[in-house]
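**Q** I am attaching a structure below and will ask some questions about it afterwards.
The values are calculated or read from the model by the stated rules, or taken from the named source; none is laboratory data. Computed from a predicted structure; not experimentally measured. Please note: Cβ atoms are built from the backbone with ideal geometry, for glycine as well, and neighbour counts cover all protein chains shown. Surface accessibility is based on the protein's heavy atoms, side chains included, excluding ligands, DNA and RNA. Shrake-Rupley method; radii C 1.70, N 1.55, O 1.52, S 1.80 Å.
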Amino acid sequence: MDQSDKIVVQGVCYTYQDAPDAALCGVDLSVHAGEFLAVLGHNGSGKSTLAKLMNALYVPTEGHIWVVGMDTRNDALVYDIRQHAGMVFQNPDNQLVATVVEEDVAFGMENIGVPPAQMRIRVDEALRAVNMQDFRTAAPHMLSGGQKQRVAIAGVLAMQPDVIILDESTAMLDPAGRREVLQTVRRLQREKGITIVWITHYMDEAAQADRVIVMNEGRIALSGTPREVFPQVERLRELRLDVPPMTELAHDLAAAGVPVRADVLTVEEMVEEVCRLSSKT
Ligand SMILES: Nc1ncnc2c1ncn2[C@@H]1O[C@H](COP(=O)(O)OP(=O)(O)O)[C@@H](O)[C@H]1O
Ligand SMILES: [Mg+2]
């Protein structure tokens, strides 16, 4: 095990009670310190199960998971583990518990006995980090979906986590909310070195990750950098996933005999590629 890996998943299977088959099986994965890892996969492929195992909400039926070196099988470490690997869920309305934003951000800390003076400092810092300081005394139900998710992220941040796991946390947001949450998380990764596990079904979001894994039937079917994974258009379609639009266009152009690079991910790169090709003719 590499000591710098934040989460290590080794030979993990998980079967829900009364379920005939394992929801997850044979999963090996290391989440490296400071990386932004995207997890893709169609519905039912095991993404949320994996997330809950990483957060010690579930304990593996087989195998082991270590979160910052702590085995999730050890009951005594559950709170420590959740503090080091915080989780943000899909529905912004199910996560906020208090009637005032700053109380909500403080909520998790109250359970772990952070002294009040320290709590005040951490709440302010966390709200600044997600750019919600002006909403300190607002009522959570008045906020937009994107703002609610940023408050939920602040609540996790206040626990000073190593890792934040976000399980389709943009799925219920409008495009502006999605952008604002993704940008916030990327900034936390870059500026605070927080490791991110970003579960999503949006290809354009995964294209921005350092590394992507694709889940299928409870196993890791593909993994690599976005540039390694996304050009595998046929394979991704087999796994019932889309491809980022520009990668798909590059693939179709190549199939039509246009010598375009296969690993184009963004509109900017496509423009560059088209300019390169047209300057040759
Ligand atoms: N609470 C549960 N009880 C029984 N089976 C479940 C439960 N939650 C999920 N599953 C099953 O486990 C598999 C993986 O589900 P999940 O991890 O939620 O996938 P994803 O998040 O990728 O959509 C699916 O077959 C799903 O039906
Ligand atoms: Mg899910």
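**Q** Would you mind checking the range 1-44 for residues with the amide N under 17 Å from a putative spin-label position 7 Å along Cα→C-beta of residue 61?
**A** 10-28, 44
**Q** Using modelled amide H (1.01 Å from N, peptide plane; none on Pro or chain starts), what sits under 5 Å from the amide H of residue 32, excluding residues fewer than 5 places away?
**A** The list, which skips near neighbours in sequence, is 6.
**Q** So, one more: In whole angstrom, and with the biggest value first, how far do the Cα coordinates of the chain range along each principal axis?
**A** On the principal axes, the chain reaches 68, 46, 34 Å in Cα extent.
**Q** Which residue fluctuates the most in the chain, going by a Gaussian network model with Cα springs under 10 Å, if the choices are 86, 155, 69?
**A** Among 86, 155, 69, the largest GNM mean-square fluctuation belongs to 69.
**Q** Moving to a separate point now. In degrees between 0 and 90, to the nearest 10, how far off the longest principal axis of the chain does helix 101-111 point, with axes built from Cα atoms?
**A** 70 degrees
**Q** Along its principal axes, what span do the Cα atoms of the range 1-56 show, with the longest given first and each in whole Å?
**A** Dimensions of the range 1-56 along the principal axes of its Cα atoms: 37, 22, 18 Å.
**Q** May I pose another question? Computing the accessible area with a 1.4 Å probe over protein heavy atoms, can you report the carbon and sulfur percentage for the chain?
**A** Details: 6490 of 13310 Å².
Ligands and nucleic acids excluded, carbon and sulfur give 49 percent.
**Q** Could you tell me what % of all Cα pairs in the range 61-130 have separations over 17 Å? Display every interim value, and only then the final one.
**A** On the way: 1361 of 2415 pairs.
The answer is 56 percent, as a whole percent.
**Q** Using only the alpha carbons of the range 37-89, what is the convex hull's orientation-averaged projected area in square nanometres? Could you put the intermediate results ahead of the total?
**A** Values: hull surface 16.5 nm².
Directional mean of the projected Cα hull area for the range 37-89 stands at 4.1 nm².
**Q** Next up: So how compact is the range 61-205: Cα radius of gyration and Dmax in angstrom?
**A** Using the Cα atoms of the range 61-205, the pair Rg, Dmax is 15.0, 46 Å.
**Q** Tell me, what is the FRET efficiency for residue 28 and residue 255 to the nearest 0.05, using R0 = 41 angstrom and their Cβ-Cβ distance as r? Can you show the working numbers first?
**A** Numbers: r = 34 Å, r/R0 = 0.84.
So, using R0 = 41 Å, E works out to roughly 0.75.
**Q** Can you list the aspartates and glutamates whose alpha carbon is less than 15 Å from that of residue 192, not counting same-chain residues fewer than 8 positions off?
**A** Candidates past the 8-residue exclusion: 35, 125, 162.
**Q** No partner Cβ under 4.7 angstrom, meaning no disulfide-compatible partner by this rule: which Cys of the chain qualify?
**A** Those would be 275, since no other cysteine Cβ in the chain comes under 4.7 Å of theirs.
**Q** Let me ask something else about it. Taking the Cβ-Cβ separation of residue 190 and residue 124 as r and a Förster radius of 22 Å, what is the calculated FRET efficiency to the nearest 0.05? Can you show the working numbers first?
**A** Working: r = 21 Å, r/R0 = 0.96.
Approximately 0.55, to the nearest 0.05.
**Q** So how tilted is helix 116-129 from the main axis of the chain? Cα-based, degrees 0 to 90, rounded to 10.
**A** The two axes meet at around 20 degrees.
**Q** I'm a student and want to see the number: the projected area of the Cα convex hull of the range 148-272, averaged over all directions, in nm².
**A** Working: hull surface 35.2 nm².
The Cα convex hull of the range 148-272, projected and averaged over all directions, gives 8.8 nm².
**Q** Using a Förster distance of 25 Å, how high is the FRET efficiency between residue 112 and residue 204, based on the Cβ-Cβ distance and rounded to 0.05? Write down the numbers at each step before the final one.
**A** Numbers: r = 36 Å, r/R0 = 1.45.
According to the calculation, E is roughly 0.10.
**Q** Starting from the 7 Å offset along Cα-to-Cβ, what nm value, one decimal, do you get for the label separation of residue 263 and residue 75?
**A** Distance between label points: 4.9 nm.
**Q** Would you grab the residues whose amide H sits under 5 Å from the one on residue 211? Only those 5+ places off in sequence or on another chain, please, with H modelled 1.01 Å from N.
**A** Under 5 Å from the amide H of residue 211 lie the amide H atoms of 36, 38, each far enough along the sequence or on another chain.
**Q** Hey, another quick one. Using a 1.4 Å probe, what is the accessible area per residue for the range 1-93, in Å²?
**A** Values: 4130 Å² over 93 residues.
Computed with neighbouring chains in place, this is 44 Å² per residue.
**Q** How large is ³J(HN,Hα) for each residue in the range 5-15, as worked out from phi by the Karplus curve 6.51 cos²θ - 1.76 cosθ + 1.60 (θ = phi - 60°), to whole Hz, x for Gly and Pro?
**A** Each residue of the range 5-15 in turn: 6, 7, 10, 10, 10, 10, x, 8, 10, 9, 10 Hz.
**Q** Which of 63, 34, 113 moves the most in a Gaussian network model of the chain with Cα springs under 10 Å?
**A** Looking only at 63, 34, 113, the largest GNM fluctuation is found for 113.
**Q** Related question: Under a 5 Å amide H to amide H cut-off, with H placed in plane at 1.01 Å, what residues pair with residue 24 once short-range neighbours are removed?
**A** 14
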